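The values are calculated or read from the model by the stated rules, or taken from the named source; none is laboratory data. Here the structure is a predicted model, which is why all the values come from computation and not from measurement. In this analysis, Cβ positions are derived from the backbone assuming ideal geometry, glycine residues included, and neighbour counts consider all displayed protein chains. Keep in mind that these areas ignore ligands, DNA and RNA; they rest on the heavy atoms of the full protein, side chains included. Shrake-Rupley method; radii C 1.70, N 1.55, O 1.52, S 1.80 Å.
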Amino acid sequence: MEFLEAFAWMKVADIGTLSLLLLLGMFALLALGMPLGFASAFLAVATLVMKFGPELMFSDFGRGPFNVLGQAVYRQMTNYVLISVPLFIFMASLLERTGIARDMYSSLNVWLARTRGGIAVVTSVMAVIMAAMSGIIGGEVVLLGLIALPQMLRLGYNQNLAIGTICASGSLGTMIPPSIVLIFYGLITETSIKALFTASFLPGFMLASFFILYIVIRTRLDPSLAPLPEPDPEAPHGSEKSLMFLGFMAKFSMWVTGVIFVRAMFFTLTGDNAVTTGVEPIFLGMVSDLPFIVAAFALSFVVMRFIVGKERTDEGWQMGKGLIAPTVVIGVVLGSIYGGITGITEAAGMGVIAVFTISALRREMTFDIVYDSLMRTLKSTGTIIWVTIGAAALAAAYTLAGGPTYVANIILGADLPTMGVILVMMFIFLIMGMFMDWVGIVLLIMPVFLPIVLKLPIDEIGVFGALESKNVAIWFGVVFCMNMQVSFLSPPFGPAAFYLKSVAPSHITLVDIFKGFLPFIAIQLFALTVLIMWPSLIEVFL
């Protein structure tokens, strides 16, 4: 007992002092280079010792407060949806190593190469498609850096424009489903992940549209930023090219409507699409949908054969067939979720199988690709899991110490208006995003901030449009993800910069990369402002 009394000074009764010590301790440990997961776990134990005294370490070890920490970690690690994270990472790794993404880029480039800033627009569109396939950020930036950056630099594109386009667009996996950030937010806050995916569609594509609009306007105002490539005399131009694209879309539409028809007929023959009170109808799978599906198929056939013509359609198909495989993967992943066929985890597994099967049919799948993808998945998942363990322990320890109540009382006691409280939270997210990984932020901060947001007057959230009370947690999750978009580009530790630097030419420095980010950070902040002022945007598809 005398030994323990010698360490009595470690006990901190005031929660405000304890909170300050934790904040300083976190920055100190991260500055020393300690991984976030280990730093969080160390501070979790330190929090309990400071709150309950050093005798906690020697009497009934593993029980009481320490048992609560163990339960918090166990609860996170045994959540079934967590399995989707390594599956999505594995799928992204396979996409990066196979030729699916490169063929997609080539097909997009065929249609937009002669457009001012077309290569940058192609890069943004490709990033959106990649985000909808896997929801992974790092792999997209690396892949775009390998495929698009050399092409833009070779054509004389402005270096800052090329860098900013790749990194900003490559970070769209944060917003566009199946976003892993949204999955973690849903796990921590017990919010419907399917609802989060649905709500993030419009904001995600809105942000992507802002990027594309900026590229188009900027290159029109200053054509020297994006010189046009030399014209190919053998390539189709003007109306001929437009007809080929129309033929490609018509043929692709025939395939899609054909699959949807077979699916609807299957549901009809099995009786699964019977109209039942209280049961949501199957999307494009009801008997009443069959006439519209058949009409769409017939219209596509007429366009293909009698308006475009078979020869043009075949040429257009060859030019655009690189888009087929990505569309199939997106259809498998998101279609299985929104079609009510599977949950998030099973959809991730089906996505892996789809990519694996397509790559095998293309004769691109090798043992080396599978092994390398598995090793990358193991490393990435290991990092995320350790951060999750440490952050879950620290969040549980801080909750036991009364931290969330203390922070809530400070924010609410400041007598700020509702939008003032939200803006303070956004500022804290932005600052923490400069120094900390998003996993740690969502695990450590969200259990403190979300309960405060849920207590705010619903009619005072936003400026335009009314947000329903049942959707506040969903809106805040989408706003958080939009905020994390900024963190991927924010110096000094914006991860997108380091991902691109790993594959960029040696003459491009980190300072050059961060300079290229500036206009796109402004666009992200503008999109964040729109979402905060107009919260009902997330309810368009809900």
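Taking every protein chain into account, the 1.4 Å probe leaves Glu468 with about 100 Å² of accessible area, to the nearest ten. For segment 186-228, there are no residues whose amide N sits under 18 Å from a probe point set 7 Å from the Cα of Ser469 along the beta carbon direction. Over every Cα atom in segment 477-521, the radius of gyration and the widest Cα-Cα span, Dmax, amount to 11.5, 39 Å.
Candidates Ile431, Ala92, Ser242 compared by Cα position along the dipole of the chain: farthest toward the positive end lies Ser242, with charges placed on Cβ. Average 1/r across all pairs of distinct alpha carbons in segment 208-356, invert it, and you get the Kirkwood radius: 18.6 Å. Fully extending the segment from Lys321 to Glu460, taken as 0.36 nm per residue of separation minus the present Cα-Cα distance, adds 45.1 nm.
Per-residue extension of 0.36 nm, minus the Cα-Cα distance of Phe493 and Val259, leaves a gain of 79.7 nm for this segment.
Per residue, the convex hull spanned by the alpha carbons of segment 346-390 comes to 63 Å³.
The angle separating the long axis of helix 65-77 from the principal Cα axis of greatest extent in the chain is about 10 degrees.
For the cross-link pairs Lys241/Lys310; Lys194/Lys470; Lys321/Lys379; Lys241/Lys501; Lys321/Lys501, which exceed 26 Å when the distance is taken from alpha carbon to alpha carbon?
As for pairs spanning more than 26 Å Cα to Cα, those are Lys321/Lys379; Lys241/Lys501; Lys321/Lys501.
Per residue, the solvent-accessible area of the chain (1.4 Å probe, heavy atoms of protein chains only, all protein chains present) comes to 45 Å². Calculated on the alpha-carbon coordinates, the convex hull of segment 313-460 measures out at 213 cubic angstrom per residue. Here segment 419-542 is described by how far its Cα atoms reach on the three principal axes: 52, 27, 25 Å, from widest to narrowest. For Val256, the accessible area of its heavy atoms, probed at 1.4 Å with every protein chain present, is near 60 square angstrom.
Building the convex hull from the alpha-carbon atoms of segment 378-421 and averaging its projection over directions returns 4.3 nm². Please give the residues of segment 258-294, grouped as numeric ranges, whose backbone N is less than 16 Å from a label point set 7 Å along the Cα-to-Cβ vector of Ser192. Of the residues in segment 258-294, 278-283 have backbone N under 16 Å from the label point off Ser192.
So, R0 is 56 Å and r is the distance between the beta-carbons of Leu228 and Ile83; what FRET efficiency does that work out to, to 0.05? Efficiency for this residue pair is about 0.75. Placing unit charges on the Cβ atoms only, positive for Lys and Arg and negative for Asp and Glu, gives the chain a dipole magnitude near 840 debye about its Cα centre. Kindly give Rg over Rh for the chain, based on alpha-carbon atoms, with the Kirkwood expression for the hydrodynamic radius. Checking Rg against Rh, the ratio lands at 1.01. How charged is the neighbourhood of Arg116? Take every other residue with its Cβ under 13 Å from the Cβ of Arg116, and add Lys/Arg as +1 and Asp/Glu as -1. The answer is +2.
Along its three principal directions, the equivalent ellipsoid of segment 108-175 from the Cα gyration tensor extends over semi-axes of 19, 13, 9 Å, largest first.
So how tilted is helix 100-112 from the main axis of the chain? Cα-based, degrees 0 to 90, rounded to 10. With both axes taken from Cα atoms, the answer is about 60 degrees. Annotation for segment 443-542: chymotrypsin sites (Phe, Trp or Tyr not before Pro) lying in DSSP loop with at most 13 further Cβ atoms inside 10 Å of their Cβ are Phe464, Phe541.
Just how far, in whole angstrom, is segment 385-421 from segment 163-187 if you go by their alpha carbon centroids? Spelled out, the Cα-based centre of one part sits 25 Å from the other. Taking the charge dipole of the chain about its Cα centre, with +1 at Lys and Arg Cβ atoms and -1 at Asp and Glu Cβ atoms, the residue from Leu228, Gly413, Leu32 reaching farthest to the positive side is Leu228. On the beta carbon distance between Ala28 and Ser209, with R0 = 41 Å, the FRET formula returns roughly 0.45. Measuring how big segment 129-265 is from its alpha-carbon positions, Rg and Dmax come out at 19.0, 58 Å. What you get for segment 259-416, charging only the Cβ of Lys and Arg (+1) and of Asp and Glu (-1), is a dipole of about 360 debye around the Cα centre.
Available extension along the chain between Val294 and Ile410 is 35.7 nm, counting 0.36 nm per residue and deducting the alpha carbon span.
What's the angle, to the nearest 10 degrees (0 to 90), between helix 36-52's Cα axis and the longest principal axis of the chain? Approximately 30 degrees, to the nearest 10.
On the principal axes of its alpha-carbon atoms, segment 408-456 has extents of 30, 17, 15 Å, going from largest to smallest. Hey, with R₀ at 45 Å, roughly what FRET efficiency would Glu240 and Val540 work out to, going by the Cβ-Cβ distance, to 0.05? It comes to 0.75.
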